[in-house]
Amino acid sequence: MTEYLYMRDVDACYIGDFEATVKQAGDDWIVLDRTAFYPEGGGQPTDTGTIKWDGGEAKVVRVTKREGSRHYLEGPVPPLGTEIMGIIDWERRYGHMRAHTSQHIISAVVWDRWQAKTVGNQIYEARARIDLHPLKLTEEDVRWIEEECNRRISEAIDVQIYELSREEAEERAGVERCNMELLPKSVKKLRIVQVGDEICPCAGTHVKNTSEIGTLKITKKESKGKMRTRITYELV
Ligand SMILES: [Zn+2]
């Protein structure tokens, strides 16, 4: 099992380089004992970067959690047991952290006013899209969401990451608001991301304080079927 270093708390989301040992090696991939690379999933894209070792270097082009945690490489593959240094492409990752944290804020703002759920999301570098249901929005509503998000962002709220038992998380966050009914019953402990009073289980990487997000600008509103609305936004 690979230890995911960013999981521990919000400070650990800022680990940009780390040392690890190669535990498995294939034609174009390796598995490490520990990693700070985020494997694609939950709407957040893979991290990319570089690994270096005595006498070699390769690019990390994709990290996945399927079939163990594989780091796919471009270049030579270090043999089993090699001690490597991993370096994340930080600008890209930090863009994901800002976009992911802002997604929690939009989800909370929309839930608080309309009790509409976040039913899909895709994060990119400093931009994202989010699908909300059941929800129909006017142009005026869209401007209101943008303003309310920016108001919360400008309050410079600390973000916390910690573990809670499933029961406690369900009680404090609300099962419906965070789609907790979709989590397998076997999951008893949840990693919680808290932004102000809003808590939600999430395995992604986030910034420490909402002031790092910047200004949120909604660029598009689309209808994606009956009472399903997609909002696309960027951070400037
Ligand atoms: Zn998240």
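Brief remarks on what is shown
- Of everything in the range 33-45 that is more than 16 Å from the ligand (Cβ to nearest atom) and closer than 30 Å to HIS104 by Cα, the residue that is surrounded by the fewest Cβ atoms within 10 Å (Cβ to Cβ) is ARG34.
- Residue count for the range 149-207, restricted to those that are within 22 Å of ASP112 (Cα to Cα), more than 14 Å from the ligand (Cβ to nearest atom) and among the polar types (S, T, N, Q): 2.
- Residue list for the range 71-110, filter: under 27 Å from VAL193 (Cβ atoms), away from the ligand (no atom under 16 Å from the Cβ) and small (Gly, Ala, Ser): GLY86
- Taking (1) surrounded by fewer than 14 Cβ atoms within 10 Å (Cβ to Cβ); (2) touching a residue at least 12 places away in the same chain (Cβ under 8 Å); (3) among the acidic types (Asp, Glu) in turn, GLU67 satisfies each apart from (2).
- The residue that is farthest from VAL119 (Cα to Cα), among those in the range 225-236 that are assigned to a loop (DSSP other than H, G, I, E, B) and either modelled with pLDDT of 95 or more or among the hydrophobic types (A, V, I, L, M, F, W, C) (or both), is VAL236.
- Any hit, the range 16-37, residues being in contact with a helix residue (DSSP H, G or I) (Cβ under 7 Å, 6 or more places away or on another chain), within 28 Å of ILE213 (Cβ to Cβ) and touching a residue at least 60 places away in the same chain (Cβ under 8 Å): yes
- The set of residues in the range 163-201 that are surrounded by 15 or more Cβ atoms within 10 Å (Cβ to Cβ), among the hydrophobic types (A, V, I, L, M, F, W, C) and not in a helix (DSSP H, G or I) comprises LEU164, CYS178, LEU183, LEU190, ILE192, VAL193, VAL195, ILE199, CYS200.
The values are calculated or read from the model by the stated rules, or taken from the named source; none is laboratory data. Model, not experiment: these values are computed from the prediction. Cβ atoms come from the backbone with ideal geometry, glycine included; neighbour counts cover every protein chain shown.
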